[in-house]
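Trainee: A single structure is presented below for examination.
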Amino acid sequence: MVASTHALTADGVRKRYAELAALDGFDLHVTAGTIHGLLGPNGAGKSTAVKAMATLIDVDEGAVRVAGLDVRTQARRVRQRIGLVGQHAAVDEILGGRQNLVMFGRLYGLSKAAARQRANELLDGFGLVDAADRAVSTYSGGMRRRLDIAAGLILAPAVLFLDEPTTGLDPRGRNEVWQSIREVADRGTTVLLTTQYLDEADQLAAEISVMNHGRVVASGSPDALKRQIGGDRVTVTLPRRQPLDPIVRQLTGAVGEPAVVDTETHQVTFEVGVGVTALAGIVRTLDELRVTPEDLQLRRPTLDEVFLTLTDREVTR
């Protein structure tokens, strides 16, 4: 039995299109009130998974529950509990921001007064009050995307699906949208985020699931996924005027891990479990030896490396 703290669950989901298995044993558990990243290469099945959870397609096998509701038998109720923001903006550029939100409210079945009230709440919450009555065509990319997300929140959904929310935005626009997504989650909405920007998932998601070939191949926090492909790396660049071997022996003893030595660059690299602890030991040892390094770096695996490692591993199986 899946715990009630999960806002989204998928178990053994399969979906075929002719000979293509778009979903092939897809499993997902998303904790309520969190931002969950769904990553994968093109064709991995991300869009199909979102469509299945948003009741846009039927699955061939398996069970999907959203906000505690079965998407097969309770699809109408599921739609009342979700928001869906696609990759391409759905707002009308001729209308103003307020007009767009009122229009969406009316389409969702709200009365004129309720739609206007909800539009005002969302404009305030997304920092769009000053631009509310300007045509959306005059908005920056970040403002348009924030308005698009606001439109997905008209009914205060329990779950919000965001598909590539910052595609094409400049760094300022991305940061504006990131802040809006964080605020949505802070208010209790569960966010499922699909993105090709791995730094975006690293910044926003508490948990990440990596998809490949229609199934999830790894899940966990960004840090936990990074640890799967190795520990931190500490690299010391030693001065050329001092002998390398005795310093390396002392550093190896302090770190407790073998060193990789590049005699050309005088760089000594250690792969360690916790980089900060090793870094402290290296600094103390160098201080005792009265050696001033030319450079000292702590490098952690990136989510890009995790993504490439996990998806490449799947290809070679």
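The values are calculated or read from the model by the stated rules, or taken from the named source; none is laboratory data. Here the structure is a predicted model, which is why all the values come from computation and not from measurement. Cβ placement follows ideal geometry from the backbone for every residue including glycine, while neighbour counts extend to all protein chains displayed.
Trainee: Please find, within the stretch 252-277, the residue that is surrounded by the fewest Cβ atoms within 10 Å (Cβ to Cβ) out of those that are out of contact with any Leu (no Cβ under 8 Å at 6 or more places or on another chain) and part of a helix (DSSP H, G or I).
Mentor: G253
Trainee: Within the stretch 168-191, can one find any residue that is touching a residue at least 60 places away in the same chain (Cβ under 8 Å) and touching a His at 6+ places or on another chain (Cβ under 8 Å)?
Mentor: Checked against the condition, which is being touching a residue at least 60 places away in the same chain (Cβ under 8 Å) and touching a His at 6+ places or on another chain (Cβ under 8 Å), the stretch 168-191 yields at least one hit.
Trainee: Just give me the residues in the stretch 171-197 being of a type in the set (K, R) and outside any helix (DSSP H, G or I), in sequence order.
Mentor: If the condition is that a residue be of a type in the set (K, R) and outside any helix (DSSP H, G or I), then R187 is the only one that fits.
Trainee: Restricting attention to the stretch 49-100, which residues are β-branched (V, I, T) and farther than 18 Å from L155 by Cα?
Mentor: If the condition is that a residue be β-branched (V, I, T) and farther than 18 Å from L155 by Cα, then V50, I57, V59, V64, V71, T73, I94 are the ones that fit.
Trainee: Answer with yes or no whether P301 is buried (at least 17 other Cβ atoms within 10 Å of the Cβ), in a loop (DSSP other than H, G, I, E, B) and without any contact (Cβ under 8 Å) to a residue 60 or more places away in the chain.
Mentor: In short, no.
Trainee: For the stretch 21-32, does any single residue satisfy the condition of being over 29 Å from E305 (Cβ atoms), buried (at least 20 other Cβ atoms within 10 Å of the Cβ) and of a type in the set (A, V, I, L, M)?
Mentor: Looking through the stretch 21-32, none of the residues is over 29 Å from E305 (Cβ atoms), buried (at least 20 other Cβ atoms within 10 Å of the Cβ) and of a type in the set (A, V, I, L, M).
Trainee: Does V91 qualify as being crowded, with 18+ Cβ neighbours inside 10 Å and in contact with a helix residue (DSSP H, G or I) (Cβ under 7 Å, 6 or more places away or on another chain)?
Mentor: Judged against the criteria, V91 is a match.
Trainee: Given the options E183, E207, name the one that is over 28 Å from A132 (Cα atoms) and at pLDDT 90 or above.
Mentor: E207
Trainee: Same structure again: Can you find a residue in the stretch 139-162 that is in a loop (DSSP other than H, G, I, E, B), modelled with pLDDT under 95, crowded, with 21+ Cβ neighbours inside 10 Å and of a type in the set (S, T, N, Q)?
Mentor: No, every residue in the stretch 139-162 fails to be in a loop (DSSP other than H, G, I, E, B), modelled with pLDDT under 95, crowded, with 21+ Cβ neighbours inside 10 Å and of a type in the set (S, T, N, Q).
Trainee: Residue under question is L38, and the condition is that it be crowded, with 24+ Cβ neighbours inside 10 Å, in contact (Cβ under 8 Å) with a residue 60 or more places away in the chain and under 24 Å from Q203 (Cβ atoms); does it hold?
Mentor: In short, yes.
Trainee: Let me ask you something else. Looking at the stretch 125-135, can you tell me whether even one residue there is in contact (Cβ under 8 Å) with a residue 60 or more places away in the chain, in a helix (DSSP H, G or I) and either in the same structural domain as Q203 (by TED's automatic domain parsing) or not basic (K, R) (or both)?
Mentor: Looking through the stretch 125-135, none of the residues is in contact (Cβ under 8 Å) with a residue 60 or more places away in the chain, in a helix (DSSP H, G or I) and either in the same structural domain as Q203 (by TED's automatic domain parsing) or not basic (K, R) (or both).
Trainee: For the stretch 9-24, state whether one or more residues are in contact with a Lys or Arg (Cβ under 9 Å, 6 or more places away or on another chain), part of a strand (DSSP E or B) and hydroxyl-bearing (S, T, Y).
Mentor: yes
Trainee: Restricting attention to the stretch 57-86, and to residues there that are surrounded by 15 or more Cβ atoms within 10 Å (Cβ to Cβ) and farther than 18 Å from A7 by Cβ, which single residue is modelled with the lowest pLDDT?
Mentor: Selected residue: G86.
Trainee: Then there is this: Being over 14 Å from T194 (Cβ atoms) and out of contact with any strand residue (DSSP E or B) (no Cβ under 6 Å at 6 or more places or on another chain) narrows it down to one residue among A7, A63, A18, A32; which is it?
Mentor: Checking each option against the conditions leaves just A18.
Trainee: OK, next. Would you mention how many residues in the stretch 43-74 are without any contact (Cβ under 8 Å) to a residue 12 or more places away in the chain, over 16 Å from R16 (Cα atoms) and assigned to a loop (DSSP other than H, G, I, E, B)?
Mentor: 2
Trainee: Additional query: Yes or no: L84 in a helix (DSSP H, G or I), within 21 Å of T189 (Cα to Cα) and under 28 Å from the mean Cα position of the chain (by Cα)?
Mentor: no
Trainee: Tally up the residues in the stretch 244-265 that are in contact (Cβ under 8 Å) with a residue 24 or more places away in the chain and in contact with a Pro (Cβ under 7 Å, 6 or more places away or on another chain), please.
Mentor: Result for the stretch 244-265: 0.
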